[in-house]
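Read the structure below first, then the notes.
What follows is calculated from the coordinates using simple rules that are stated; it is not laboratory data. These numbers were taken from a predicted model, which means no experiment stands behind them. Because the Cβ atoms are built from the backbone with ideal geometry, glycine has one as well, and the counts that use them run over all protein chains shown.
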């Protein structure tokens with residue numbers, strides 16, 4: 001099986017590619033040159049796309065994105081990456097003629113900011129961020145192309161992923177990952193939310209497993225991935241305990257905007273994904289352990 | 001009030017502009033040069049857009065589109081008009097800074113082909129045509145921009161509009177309008193559906209009234225316009241009667257694909273639009289009378 005992975009140099013991309021290489025031939029593509037990137041260039045450029053599809057591709061994992069805060073700062077660039085490049089990628093995959101598998105990393109940002117009081121697979125989409133709107137629109141496009149028999153697409157709405165590399169400044173939710181880095185290094189950290197803030201997380205290892213499962217499966221449509229929904233205070237205690245340090249390394253300085261956007265995640269129901277064999281980390285301890293184990297990888 | 005109307009040279013555009021000129025200053029823009037078109041050019045071109053917004057605009061009526069069958073034949077052109085141009089138009093309207101009114105002509109094509117067995121404002125969107133997907137995606141974009149306070153947008157899902165000019169070959173539903181032209185001229189016509197086919201219609205005069213109402217109102221989101229849902233056999237009888245000819249002028253040669261796409265419109269519930277003051281023609285006779293009265297205009 002030959003799999004094209006976009007955003008292969010990204011944090012999630014690297015984790016998935018490492019896991020995929022055992023069982024598939026991977027073509028990694030990214031806007032930046034890096035180890036594991038076979039094709040380097042702008043996905044919206046036809047020469048780049050031609051190199052990606054130089055040989056037939058059985059499946060596409062589309063992770064490349066221009067995320068939340070960065071999209072707000074550069075809306076035209078975000079449209080180019082999130083809409084134009086995605087469409088051209090779908091066209092190129094379709095042109096192969098064999099209805100390839102297409103897995104798209106969407107986001108719970110499709111539900112808006114603030115998030116509604118309950119999230120399940122039937123919750124109406126009401127994005128507020130440009131990024132969330134792009135994801136919702138591309139879900140519609142992929143569903144349409146799947147109904148037309150052009151591709152066989154699944155959109156997975158990813159929760160927060162930990163622990164990303166430090167200084168992921170494009171993401172306003174970076175503090176959730178920085179927490180792991182700081183406590184693992186026994187350093188102080190200031191969090192822009194309250195201990196009662198709630199968030200939905202998967203470890204990067206768990207996300208990678210789910211994405212590989214998505215590439216191999218045949219579920220279509222758009223669905224939420226299951227996640228651990230935890231209070232940040234509990235998360236801090238669990239990380240401090242596992243890292244052998246003290247929760248007192250954390251200073252709480254809630255920012256109302258950040259708290260509203262990233263600290264009020266409601267219970268997140270993912271019955272369709274669970275029925276299709278997707279899974280969350282098995283409890284908070286397992287999530288923290290997996291995230292800490294992955295820190296070397298994410299540095 | 002200064003209103004920018006895109007697609008001003010089109011059939012619906014001309015009817016709305018004629019009605020609007022009484023009460024507003026209209027700037028008509030279209031890709032083709034025609035009477036009533038003040039700015040002529042590609043809406044996705046920044047020079048064209050700058051001419052449209054040379055003076056502040058209070059409201060935008062966005063009718064320009066690359067419709068159903070034409071979009072299937074030229075998907076890149078359709079994306080350019082339906083997605084890129086619409087986005088740039090929204091950006092330009094937003095940049096004025098006063099949250100202008102923005103009315104978008106969407107379509108019941110967002111519900112897919114074949115249509116579901118019931119359509120109301122809560123029916124899930126499941127487009128099949130590229131055109132329907134573009135409309136659904138742009139509805140999400142406009143809702144997002146409205147939630148962000150950038151514009152004040154309403155998407156109206158239009159039913160079929162009669163009677164369009166003859167030879168509107170870009171539309172696969174052209175036979176519904178050609179029927180009026182043929183019977184008014186006492187000419188024979190072959191219809192590609194059965195007498196039992198059902199369709200949802202408004203006269204162009206009624207559509208124009210609704211669009212002016214939309215520009216003046218403050219309803220937001222996306223909603224179905226109410227419509228007369230009629231069997232084509234009944235429609236033929238009513239048109240023949242009003243035109244003083246015989247229904248026997250019609251030959252029925254149902255094409256299964258056309259019948260499936262345009263002849264199985266279910267009851268169409270539009271309670272949100274009705275509550276917001278939108279209306280259908282007052283019965284089949286009124287619809288036929290208005291459509292026949294408009295034929296001179298549509299030639």
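Observations on the model:
- Protection proxy ranking, peptides A:229-241, B:20-32, average beta carbon neighbours within 10 Å, highest first: A:229-241, B:20-32
- For chain B, the longest principal axis of the C-alpha atoms and the axis of helix B:86-95 are separated by about 40°.
- Largest to smallest principal axis extent of the C-alpha atoms in segment B:4-138, angstrom: 45, 29, 29
- Three-way shape label, segment B:176-230, alpha-carbon gyration tensor, a/c 1.5: oblate
- Distance from the A-onto-B rotation axis is smallest for the Cβ of the chain A residue given, in whole Å, as A:137, 2.
- Principal-axis analysis of the Cα atoms of chain A puts helix A:232-243 at an angle of about 90° to the longest axis.
- Compared with the dominant principal axis of the Cα atoms in chain B, helix B:175-184 is inclined by about 60°.
- Label-point spacing at residue A:74 relative to the other copies reads 3.2 nm, in ascending order, each point sitting 7 Å out from Cα along Cα→Cβ.
- Other-copy label distances relative to residue B:120, 7 angstrom Cα-Cβ extension, nm: 1.9
- Cα→Cβ-extended label distance, 7 Å offset, between residue B:54 and residue B:72, nm: 4.1 nm
- Remark: A:11, A:180 ranked as A:11, A:180, counting other beta-carbon atoms within 10 Å and listing the fewest first.
- The per residue volume of the convex hull around the alpha-carbon atoms of chain A is 116 Å³.
- Site pair residue A:185 and residue B:42 shows an inter-label distance of 5.0 nm when each label is modelled 7 Å from Cα along Cα→Cβ.
- The mean count of C-beta atoms from other chains within 10 Å of the C-beta of residues in B:70-80, rounded to a whole number, is 1.
- In chain A, helical runs assigned H by DSSP with n ≥ 4 each contribute -39500 (n - 2.57); averaged across all residues and rounded to the nearest 500, the mean residue ellipticity at 222 nm is -11000 deg cm²/dmol.
- In units of the rule-of-thumb radius 2.2 N^0.38 Å, segment A:66-208 shows an alpha carbon radius of gyration of 1.18.
- As a proxy for reagent exposure, B:271, A:107, A:203 were ordered by neighbouring Cβ count within 10 angstrom, fewest first; the result is B:271, A:107, A:203.
- Placing a label point 7 Å from Cα along the Cα-to-Cβ axis, residue B:50 is separated from the same position in the other copies by 3.4 nm, shortest listed first.
- For the pair residue A:272 and residue B:282, a Förster radius of 45 Å applied to the C-beta separation gives a FRET efficiency near 0.50, rounded to the nearest 0.05.
- Under 20 Å from the residue B:118 label point (7 Å along Cα→beta-carbon), backbone N, segment B:237-280: B:264-275
- Overall shape of the protein assembly as shown was characterised from the C-alpha gyration tensor. The equivalent ellipsoid obtained from it has semi-axes of 49, 25, 22 Å, in decreasing order.
- Segment A:64-121 versus segment B:1-38: alpha-carbon centroid distance in Å: 35 Å
- With the simple spin-label model, which puts each label point 7 Å out from Cα in the Cβ direction, the residue A:229 to residue B:95 separation comes to 4.2 nm.
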